[in-house]
Amino acid sequence: MLPSHMMLSCLLGAALLAPVPLGAADGPTAEGRTADGRTVDYRGLRLTVPADWRVVDLDRNPDACLRLDLPTLYLGHAGTQGECGAARAAAPRSDTLHLEPLDGAPPRADIPTVGGDEGDPLPKVRGDSNEIRYALRRAGVMATVSYGSTPEAVRAVLTRARALTPPAAPGPVPVDPAGVVGGGPRTTVQVPFTGEGFDACTAPTQRTMNAWRADSPFGAVGVYIGGRARACAQPQLTAGWVSRQAGAGWYLMPIWVGPQPWHSSSTGLSTDPSEANEQGRAEAEGAAHAAAALGLAEGTVLYNDLENYTDRATWDAPVVAYLTAWTVRLHELGYGAAAYVAASSGAKALSAHYAQAPHAMPDVLWVARWNGVASVADADLGLPAGRSQWTGGRRAHQFRGDHDATYGGVTLNIDRSWVDVAAQTPAGAPKTPKTPKVPGKAQKAPAKSPAKSPAKAPAKAPVKAPAKAPAVIPAKTPAKV
């Protein structure tokens, strides 16, 4: 089983941190080929990437999607990412490197950012989403590393980089070293809500969010806050972005894309229920860490994206163990827990074990069944009739997937859902919490959620606890349809 927290302990070579002024090589990037790969010059740095890597100039193509499932060198600040398509989970993740000017790099809160100067070792940090940013202050470049199983190969690209220009004064680091989870105010992003919601592979720009808030039927938005299988980079995703959307009245559905029910060394779930249980606890800690860094208030329901599978005999048992462990650990950390699953697989597996451990079942069930019906009825979610599972404002239904939608003159590729979520109190959480507990419910009509006011509470990073007894580890039995 892969550990959730990847400890990045190797040091970058002095050549990587060699000083480069901000004004160097500001024109079009130069590119050539060598026996070892493709040589690229960017802002005074010369580096060689493997021959099979793509090289994408984001200044020339601002709509390009920063995909994490294709080996790529991205150059320049991210734009609208309008070309991002349907894939939300990557199988498997690939090595990528994103270089952009340090000046203007967004203060991302979803992944760690580490500053560095020539000759200084980089501190060990946690990388729950298999991403880390190196702020190369003398070079004036922000380098975002994304990797599959280990960071060694893509980090080697950086260690072999060479400076083409003489030293300059170090530039600022956009955020404090992100091994420290912020101590700012927390934001309440969920209140009782019923209405339409959407999710896109990457957090939309503020212009898009404003246009869609004014002209679309949506009041809820799903945003991918992390996880080793996340398919798209999130350059817009900052604590400020979260706060602005909450202030505008959006109901936020923070989504974590952890290990998946497929065989992959980088993004796969273990087929052993006991190991899947440990993965669930570790992923909950990673998600809570990201939520705290983004300023999400305690009690916020965090959604685990677990994609569809067809071999239920193999995957039902580990899926139930994984999602119940995710739920129990998030409750211990003061957050609500939800699961996004397919009606034909994950929903059936959880439903079959609901009576066994209702306390360990996700607080909210979000089911993907693309039947075009905006409803959370049992039949539309594939749940057995009359069993009272996830009733009382604990459901969402993704009823249409992978389509382009245009509102306010802005087009996005989205999935569309009907959301019916009432206030939740995570099991094991204090009855009188210091910060508002979660979200809400309403009646069936495309409604927008009311504006929120930020809730303040001291931020605290979740503490990794010793493994506990599994919540639910079902026996592996032939799947029943």
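The values are calculated or read from the model by the stated rules, or taken from the named source; none is laboratory data. Just so we're clear, the structure is a prediction, and the values are computed from it rather than from any experiment. Cβ placement follows ideal geometry from the backbone for every residue including glycine, while neighbour counts extend to all protein chains displayed. These accessible areas exclude ligands, DNA and RNA; they are computed on the full protein's heavy atoms, side chains included. Shrake-Rupley method; radii C 1.70, N 1.55, O 1.52, S 1.80 Å.
The rows are residues; the columns are (1) buried (at least 17 other Cβ atoms within 10 Å of the Cβ); (2) in a strand (DSSP E or B); (3) at pLDDT 95 or above.
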position	(1), (2), (3)
Val56	yes, yes, yes
Pro62	no, no, no
Cys84	yes, no, no
Pro107	no, no, no
Gly119	no, no, no
Lys124	no, no, no
Arg133	yes, yes, no
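Annotation: of all residues in the range 374-408 being touching a His at 6+ places or on another chain (Cβ under 8 Å) and without any contact (Cβ under 8 Å) to a residue 60 or more places away in the chain, the one that is surrounded by the most Cβ atoms within 10 Å (Cβ to Cβ) is Val376.
For the structure I just gave you, tell me whether Thr238 is out of contact with any helix residue (DSSP H, G or I) (no Cβ under 7 Å at 6 or more places or on another chain), open to solvent by less than 10 Å² (accessible area, probe 1.4 Å) and of a type in the set (S, T, N, Q). In short, no. Any residue that is modelled with pLDDT of 50 or more, over 25 Å from Arg137 (Cα atoms) and either open to solvent by 60 Å² or more (accessible area, probe 1.4 Å) or hydrophobic (A, V, I, L, M, F, W, C) (or both) - is there at least one of those in the range 3-23? No, there is no match, as no residue in the range 3-23 is modelled with pLDDT of 50 or more, over 25 Å from Arg137 (Cα atoms) and either open to solvent by 60 Å² or more (accessible area, probe 1.4 Å) or hydrophobic (A, V, I, L, M, F, W, C) (or both).
Name, by its number, the condition in (1) part of a helix (DSSP H, G or I); (2) at positive phi; (3) charged (D, E, K, R) that does not hold for Asp402. The one condition Asp402 does not meet is (1). Are there any pairs with C-beta distances below 9 angstrom linking a residue in the range 38-51 that is of a type in the set (Phe, Trp, Tyr) to a residue that is modelled with pLDDT of 95 or more, with the two at least 6 apart or on different chains, and if so which? If the second residue must be modelled with pLDDT of 95 or more, the pairs left are Tyr42/Leu73; Tyr42/Leu75; Tyr42/Gly76; Tyr42/Leu99.
From the list Ser351, Ser375, Ser388, Ser345, exactly one residue is small (Gly, Ala, Ser) and under 24 Å from the mean Cα position of the chain (by Cα). Which is it? When all the criteria are applied, what remains is Ser345.
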